[in-house]
Amino acid sequence: MKVSVGQFGPGGDVAENLATMRRLASDARAEGAELVVFPEESMFTVGKVEGSLAAAVERDWSTFVQQLSFIAAELQIAVVAGGYETSGEERPYNTLVIVDASGRIVETYRKLHLYDAFSYQESKRIKPGDHNVKVVALGGLHVGVMTCYDLRFPEVARALAEQGADLICVPAAWFKGDHKIDHWETLLKARAIENTCWVAAAGTSSAHTVGHSAIINPMGVPQDFLSDEPEGIVTVDVTTRRIAEVREFLPVLKNRRLVSSRQILPAH
């Protein structure tokens, strides 16, 4: 199945962001893609929303999901994209929406690991999700999802692989900083290598985020990628055949032996 990742820099207006996504999804479909993955915060960027975040989420979440459904059905392409979902509290969820090519909402995933690192505190404004990872069937692939900071926790990708994910989608708004591009690229490759599966990463590209979207094969080799372009897509033919080939000579999932965590006793 051909898969695209779409990179752009969302603003604070959901209608403008959806127009960009529609344009990029149309480009992806023209390249033969059956799935397009958009970044975290595709709905809007929190820092660019005027007024109350809770009020903006209450106003825009259902519109965002509905319009994603319309885009998918109109173009006959499955879509994964990130937005902010009402939670019944002041803090919304950071949520990925998975829509199939008929426009049906297949699944949602609420970001588990909030970005409380590098002097940033996402949890002050966002509510963490539950502990369920999500793998769904889209076209001929089993697709798993995680969001941005989840990438730093290898157990998330492993849980997706154990549920049969052929492709792990990583929508992100990866902040710039010292070594951050190196971290991003290294971790994406590591998640592909250690689970012998494909990884499709869509990053926002802005003054504060790195972009660098990519699609990486089960050997950890980028098949196509972007740099810090403000907008663009890349499209790759993602195949289960390549997964089977790699797992034939590199059967790490079969060879894995579970270890137990044991308390370290103090030295006497």
Residue list for segment 108-128, given a label point 7 angstrom along the Cα-to-Cβ vector of Lys48 and an amide N cut-off under 13 Å = none
Relative to the present Cα-Cα distance, how much length would full extension add between Val259 and Asp116 at 0.36 nm per residue of separation?
-> 48.6 nm
Work through the residues other than Gln7 whose Cβ is under 10 Å from its Cβ and net out their charges, Lys, Arg +1 and Asp, Glu -1.
-> -3
Taking every other residue with Cβ under 11 Å from the Cβ of Arg256 and scoring Lys and Arg +1, Asp and Glu -1, one gets +1
What one gets for the chain as the Kirkwood radius, inverse of mean 1/r over different Cα pairs in Å, is 18.6
Pairs of lysine in segment 2-255 with Cα under 22 Å and at least 8 positions apart or on different chains: total?
-> 18
Dipole check, the chain, charges on Cβ (K,R +1; D,E -1), about Cα centroid: among Asn132, Val221, Val99 the Cα furthest to the positive pole belongs to Asn132
For segment 160-268, what class follows from the C-alpha gyration tensor (a ≥ b ≥ c being the square roots of its eigenvalues): rounded when a/c is under 1.5, otherwise prolate if a/b is larger than b/c, else oblate?
-> oblate
Debye, to nearest 20: dipole size of the chain, +1 on Lys, Arg Cβ, -1 on Asp, Glu Cβ = 840
Can you tell which of Val156, Met146, Ile181 lies farthest toward the positive end of the dipole of the chain, using +1 and -1 charges on the Cβ of basic and acidic side chains (Lys, Arg; Asp, Glu)?
-> Val156
Length gained, Thr186-Glu248, 0.36 nm per residue minus C-alpha separation, equals 19.9 nm
Where does the chain land at 222 nm, in deg cm²/dmol rounded to the nearest 500, when only DSSP H runs of n ≥ 4 count, each adding -39500 (n - 2.57), divided by all residues?
-> -9500 deg cm²/dmol
Dipole of segment 208-268, Cα-centred, from +1 at each Lys and Arg C-beta and -1 at each Asp and Glu C-beta, to the nearest 20 debye?
-> 760
Rounded to the nearest 5, what % of the DSSP beta bridges within segment 1-113 are antiparallel ones?
-> 65
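Values quoted throughout were computed directly from the atomic coordinates according to the rules given, and no laboratory measurement underlies them. Here the structure is a predicted model, which means the values were calculated and not measured. Methodologically, a virtual Cβ is constructed for each residue, glycine included, from the backbone with ideal geometry; neighbour enumeration extends over all protein chains shown.
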